[in-house]
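Shown next, in structure tokens, is the structure this report addresses.
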Amino acid sequence: MVTQAQLEKCVTIAKKYGVKKLVLFGSAVDDPVNARDIDFICTGVNGLELLRMVGEMENEISVLVDAVPGDQETPFVKFNLPLGKILYEAA
């Protein structure tokens, strides 16, 4: 189960790492009650910092988190971005 409080905590952590856009996709959008993990497309953070951010999210909310860098429009990002829900976008 993925709760709104867990998602809000992830947004807070993402902002700390300088994320420009955080998009939730996958089972946590479609069926949060039965979701086992949280999947994000994330712009503005890549490489080691992305891994650190995901680790901090997992430690804080006790749910597995997967994050895909969204700065490059790969086929995976292009497919999943329109299906997702924007949780945060920097002004």
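Summary of computed values
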{"item": "Which numbered condition VAL33 fails, given (1) over 20 Å from GLU89 (Cβ atoms); (2) in a loop (DSSP other than H, G, I, E, B); (3) touching a helix residue (DSSP H, G or I) at 6+ places or on another chain (Cβ under 8 Å)", "result": "(3)"}
{"item": "Qualifying positions in segment 67-83 - surrounded by 14 or more Cβ atoms within 10 Å (Cβ to Cβ) and either under 10 Å from the mean Cα position of the chain (by Cα) or among the hydrophobic types (A, V, I, L, M, F, W, C) (or both)", "result": "ALA67, VAL68, PRO69, VAL77, LEU81"}
{"item": "Unmet criterion (only one of (1) in contact with a Phe, Trp or Tyr (Cβ under 9 Å, 6 or more places away or on another chain); (2) assigned to a helix (DSSP H, G or I)) for PHE40", "result": "(2)"}
{"item": "Boolean, ASN59 is surrounded by 13 or more Cβ atoms within 10 Å (Cβ to Cβ), outside any strand (DSSP E or B), among the polar types (S, T, N, Q) and at pLDDT 95 or above", "result": "no"}
{"item": "Subset of segment 49-70 [more than 21 Å from MET1 (Cβ to Cβ) and in contact with a helix residue (DSSP H, G or I) (Cβ under 9 Å, 6 or more places away or on another chain)]", "result": "MET53, VAL68, PRO69, GLY70"}
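The values are calculated or read from the model by the stated rules, or taken from the named source; none is laboratory data. None of these values were measured; they are calculated from a predicted model. All Cβ positions, glycine included, derive from the backbone under ideal geometry; neighbour counts span all protein chains shown.
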